[in-house]
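The structure appears right after this line, and notes come after that.
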């Protein structure tokens with residue numbers, strides 16, 4: 001009996017595959033849901049659905065590129081990680097920036113509201129929150145030590161990685177990926193303090 005090898009590239013529109021590749025090559029995460037500006041709510045992301053449905057194809061594709069495609073169950077998102085340690089310094093720098101910014105926002109927000117509200121489009125980070133963050137000189141100097149000049153750059157940094165979504169002028173909402181990272185940071189911090 002002859003074995004028929006199906007070319008999975010023929011099943012996937014190249015335009016979608018290109019979008020997925022670009023997204024990961026820019027260091028972004030692929031969330032199960034994205035923020036829809038028109039309807040002001042979260043909707044399922046068609047690129048995520050495509051990767052989910054064709055996971056075998058995309059896993060192998062990225063493996064051939066020297067990258068591992070990983071899924072985070074807690075945050076419902078995909079991300080990539082180099083299989084080689086060639087960019088470990090850059091990856092460590094990016095991770096440190098992301099963790100620090102999320103912790104700064106989480107620390108501030110925990111004093112005034114429920115952290116779960118950060119992922120709710122009706123709440124999220126409002127202009128008054130951003131203004132309060134900008135007034136904190138310690139946080140501003142901490143951002144500068146991360147080579148981020150100000151809070152606008154910090155929010156751009158997270159937005160460019162699909163960790164937060166801009167919902168309006170000076171308004172943002174956390175993605176499920178950002179919430180997963182923040183919850184892990186809080187758990188690790190709590191465990192460290194309770195030692």
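Every number in this text was worked out from the coordinates using simple rules, so none of it is lab data. It should be emphasised that the depicted structure is a prediction, and the values quoted were computed from it without experimental measurement.
Computed from the coordinates I sent, Cα Rg over 2.2 N^0.38 Å equals one of (1) 1.14; (2) 1.28; (3) 0.99. Tell me the label.
(1)
Can you give the relative contact order of the stretch 8-82 as a percent, counting alpha carbon pairs under 8 Å and 6+ residues apart? If you can, show how the numbers build up before the last one.
Details: 75 pairs, mean separation 21.1, N = 75.
Relative contact order of the stretch 8-82: 28 percent.
Which whole-number percentage describes the relative contact order of the chain, with Cα contacts under 8 Å and a sequence gap of 6 or more? Show your work: numbers first, answer last.
Values: 206 pairs, mean separation 44.3, N = 195.
Rounded, it is 23 percent for the chain.
Normalised by the number of residues in the stretch 88-193, what is the relative contact order in percent for Cα pairs under 8 Å and 6+ residues apart?
Relative contact order for the stretch 88-193 comes out at 31 percent.
Go ahead and set up a Gaussian network model of the chain, Cα springs under 10 Å, then flag whichever of 180, 100, 116 fluctuates most.
Of 180, 100, 116, the Gaussian network model singles out 116 as fluctuating most.
Divide by every residue of the chain the summed helix terms, -39500 (n - 2.57) for each DSSP H run of at least 4, and state the resulting mean residue ellipticity at 222 nm, rounded to the nearest 500 deg cm²/dmol. Please list the in-between numbers first.
Details: 8 runs with 100 residues, N = 195.
Theoretical 222 nm ellipticity from helices: -16000 deg cm²/dmol.
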